[in-house]
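Take a look at the structure set out below.
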Amino acid sequence: MKRILVIGAGFAGLWSALSAARKLDELNRTEEAEVVIVNPAPFHSVRVRNYEQPLDPTLVQLDTVLGPAGVKLIQAKATQIDSATRRVAIEREGTAESLDYDRLILAAGSVLVRPHTYAGACKLQAHLLTLPALPDTPGRYTAVVVGAGLTGIELAAELPARLREIVADADRGKVRVVLADRSATIAQSMGGAQPVIEGALKTLDVEVRAGVTLESLDEASVTLSDGAASERIEAATVVWCGGMHANALASQLPVTLDPLGRVPVDTFLRAEGVPSVFAAGDCARILIDGTRPSVMSCQHGRPMGRYAGNNAVCDLFGLEMLPLSIDWYTTICDLGPWGAVYTEGWDRKLVTQGETAKATKRTINGERIYPPKSGTREDILRAASPVVQTPPPTERAG
């Protein structure tokens, strides 16, 4: 039996596997090829919700989705790719093994310098719950978030309310949240939404420090520097949200990676110059509309996965593949109790804000990006069709 092997069960990996299973089912060739996915955890983490509490709803148990679709899950860590011999080394329960493949889909995702994971988010919440038991130092209820991309902004917007729920009533005035970034302006890339975000953070009592870098860090404080002067902030909590980089497995393919460590792929998601290998999601770089490179987001990772899975099957059986092209782009940034902002286009034109945008964000985070919750094979395979969804609907301001 031929094997389509998928590494990673994030947004791109999960949908790659399901799309491959859907295509095999459509072709009536499920007896000729199997779809196998390798992932260290037994769940799919909807990590774009890791700034939220509680975290349990952000997990999708893989067996509830992969099982009905006929995809085999191997809970293990992929450690090495040998594209010449078409073999992937894995480590399962401390034992080294290897898996052969006929087609490989690399969808191992990305990491921060310090990974933004479900486990990391749980660790942060557990830490916050210990703060009332710490000595009453000036920085006990101060949190510094370093990095003002979407992850940093969303987390910083949530933290004041989360901390106030944890501390005693008498200490709520001591809660302090600082958001720092090296850019000249916080949320600099958010176009027309930038002043709205800055205003929302002010309303939420989030202090911003723009144009600074992290100079030093110890267990009691952080020091920020703008190049001319330094500021020491006593803080018991520091969260690093300083950018993303593709999974290190990408570097094992014989290709020239982009500055983010991503594998260049063509419109069919094939790794350039590497036969039988596809890549999708955060570890792949495709010109998503023929001109602009894809971004590390579930917005692009999910369709990249659907097309990669479909095309891996088509390539395996010598059938015509489908090119991926997406001609729209949206950004929805959650701003905690204040609401959210919704932008359209690569220049991020502000469309709506506040509670209206928040309702759209809830629909996306809680429904649109999840696999069907019915658990039926028919619904799951239908959802894995290689189609590009329309932009998420929202009520427009005015």
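The values are calculated or read from the model by the stated rules, or taken from the named source; none is laboratory data. The structure presented is a predicted model; accordingly, all values stated were derived computationally and were not measured. Heads up, the Cβs are rebuilt from the backbone with ideal geometry, glycines too, and the neighbour counts pull from every protein chain shown. The area values use the complete protein model at the heavy-atom level, side chains included, leaving out ligands, DNA and RNA. Shrake-Rupley method; radii C 1.70, N 1.55, O 1.52, S 1.80 Å.
Structural remarks
- When the pairs K202/K361; K349/K373; K123/K349 are compared against a 26 Å limit on Cα-Cα distance, K349/K373; K123/K349 fall above it.
- Exposure of R3 as accessible area (Å², to 10), given a probe of 1.4 Å and all protein chains: 60
- The chain, accessible surface, carbon-and-sulfur percent (1.4 angstrom probe): 50
- Among E207, E219, E272, residue whose mean-square fluctuation peaks in a GNM of the chain (springs only between Cα atoms under 10 Å): E219
- Net +/- balance of residues flanking Y329 in space, Cβ distance below 10 Å, scoring K and R +1, D and E -1: -2
- Neighbour net charge for A187 - beta-carbon separation under 9 angstrom, K R +1, D E -1: -2
- Angle of helix 298-316 to the longest C-alpha principal axis of the chain, folded into 0 to 90 degrees and rounded to 10: 10°.
- Cross-link pairs exceeding 19 Å between alpha carbons, from the set K174/K358; K2/K77; K2/K72: K174/K358; K2/K77.
- About its Cα centre, the chain has a charge dipole of approximately 320 debye under the convention of +1 per Lys or Arg Cβ and -1 per Asp or Glu Cβ, with nothing else charged.
- Charged neighbours of A156, selected by a Cβ distance under 13 Å, balance to -3 (K, R count +1; D, E count -1).
- Ligands, DNA and RNA aside, M244 has an accessible area near 70 Å² when probed at 1.4 Å.
- Rolling a 1.4 Å probe over the protein chains gives V206 an accessible area of about 10 Å².
- Solvent exposure of the stretch 187-278 as accessible area per residue, Å², 1.4 Å probe: 48
- Only one residue of L381, F278, I332 has its Cα farthest out toward the positive end of the dipole of the chain, where Lys and Arg carry +1 and Asp and Glu -1 on Cβ, and that residue is L381.
- Considering only beta bridges that DSSP places wholly inside the chain, some 55 percent are antiparallel.
- Max mean-square fluctuation residue, GNM over the chain, Cα-Cα springs under 10 Å, options G318, G67, G147: G318
- For the residues E31, E395, a 1.4 Å probe over the protein chains yields an accessible-area ranking, largest first, of E31, E395.
- Three-way shape label, the stretch 318-398, alpha-carbon gyration tensor, a/c 1.5: oblate
- Principal-axis tilt of helix 354-363 within the chain, Cα atoms, nearest 10 degrees: 30
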